[in-house]
1. Test each condition in (1) more than 23 Å from residue 117 (Cα to Cα); (2) in contact with a strand residue (DSSP E or B) (Cβ under 8 Å, 6 or more places away or on another chain) for residue 68 and report the one that comes out false.
2. Can you name the number of the only condition in (1) buried (at least 16 other Cβ atoms within 10 Å of the Cβ); (2) in contact with a helix residue (DSSP H, G or I) (Cβ under 9 Å, 6 or more places away or on another chain); (3) more than 14 Å from residue 136 (Cα to Cα); (4) basic (Lys, Arg) that residue 38 fails?
3. Going residue by residue through segment 8-17, is there one that turns out to be surrounded by fewer than 12 Cβ atoms within 10 Å (Cβ to Cβ), over 30 Å from residue 140 (Cα atoms) and modelled with pLDDT of 95 or more?
4. Just a yes or no: is a residue in segment 42-50 among the β-branched types (Val, Ile, Thr) and in contact (Cβ under 8 Å) with a residue 40 or more places away in the chain?
5. Does any residue of segment 54-62 turn out to be surrounded by 15 or more Cβ atoms within 10 Å (Cβ to Cβ), farther than 30 Å from residue 5 by Cα and touching a residue at least 12 places away in the same chain (Cβ under 8 Å)?
6. Here is a check on your reading of the model: is residue 43 farther than 21 Å from residue 132 by Cβ, within 26 Å of the chain's Cα centre (by Cα) and surrounded by fewer than 16 Cβ atoms within 10 Å (Cβ to Cβ)?
7. Where residues in segment 125-144 are out of contact with any helix residue (DSSP H, G or I) (no Cβ under 7 Å at 6 or more places or on another chain) and basic (Lys, Arg), which of them is surrounded by the most Cβ atoms within 10 Å (Cβ to Cβ)?
8. Would you check which residues across segment 46-89 are over 13 Å from the mean Cα position of the chain (by Cα) and within 14 Å of residue 128 (Cα to Cα) and list them?
Amino acid sequence: NREHVRDMIMLGVFDDKKIRSEYEDIMREMNRVMERTKRAASILGTKYRTVVAPMYGYPSETAAYLRKELGSDIEVLVSQSGKFSIRSVPNISHKIAREFGGGGHPNAAGGFFNFTLTDKILLRLFKKNQWFEKIARYADTIQK
């Protein structure tokens with residue numbers, strides 16, 4: 001458990017069997033989340049290869065994984081509540097987020113879509129909704 005990890009670190013011990021086991025459990029869970037996200041991803045856009053997918057956790061790590069696996073320029077992860085997280089190689093994440101009421105930095109930004117009940121149902125059942133196309137279309141209009 002994590003208390004053990006904390007206690008060992010306070011003693012100056014950074015690696016033991018229990019710490020390694022905890023780390024391996026976390027990595028297994030992270031890999032499951034990233035694979036699940038990849039399976040649900042929509043590859044959109046024309047100017048930029050934009051991957052939009054439901055958010056299941058670990059947004060930064062998952063975005064990097066999707067970029068490596070799918071060769072994307074922009075990754076947008078969307079939660080069931082409408083929260084979105086954007087990562088991008090071109091320095092435009094903040095511009096995309098701003099268009100949809102959010103903000104952030106050139107390579108990492110986020111915000112909230114104003115989801116309707118229909119949006120939530122579509123995301124849950126079909127792993128996409130109207131906002132996926134909207135955000136990819138807007139991204140394609142932005143100049144680097």
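The values are calculated or read from the model by the stated rules, or taken from the named source; none is laboratory data. Values in this document were obtained by computation on a predicted structure and should not be read as measured data. So basically every Cβ, Gly included, is an ideal-geometry build from the backbone, and we count neighbours across all protein chains shown.
1. Evaluating residue 68 over (1) more than 23 Å from residue 117 (Cα to Cα); (2) in contact with a strand residue (DSSP E or B) (Cβ under 8 Å, 6 or more places away or on another chain) leaves (2) as the failure.
2. The single condition residue 38 does not satisfy is (1).
3. No, that holds for no residue.
4. From segment 42-50, those among the β-branched types (Val, Ile, Thr) are 43, 46, 50; that's our starting set.
From what's left, in contact (Cβ under 8 Å) with a residue 40 or more places away in the chain: 46, 50.
There is at least one residue in segment 42-50 that is among the β-branched types (Val, Ile, Thr) and in contact (Cβ under 8 Å) with a residue 40 or more places away in the chain.
5. Taking every residue of segment 54-62 in turn, at least one turns out to be surrounded by 15 or more Cβ atoms within 10 Å (Cβ to Cβ), farther than 30 Å from residue 5 by Cα and touching a residue at least 12 places away in the same chain (Cβ under 8 Å).
6. Details: farther than 21 Å from residue 132 by Cβ: no; within 26 Å of the chain's Cα centre (by Cα): yes; surrounded by fewer than 16 Cβ atoms within 10 Å (Cβ to Cβ): yes.
No, not satisfied.
7. Step one: of segment 125-144, the residues out of contact with any helix residue (DSSP H, G or I) (no Cβ under 7 Å at 6 or more places or on another chain) are 125-126, 132-134, 136-137, 140-141, 143-144.
After this cut, where a residue has to be basic (Lys, Arg) as well, the list is 134, 137, 144.
Details: 134: 15, 137: 13, 144: 8.
The extreme case among them is 134.
8. The answer is 81, and nothing else.
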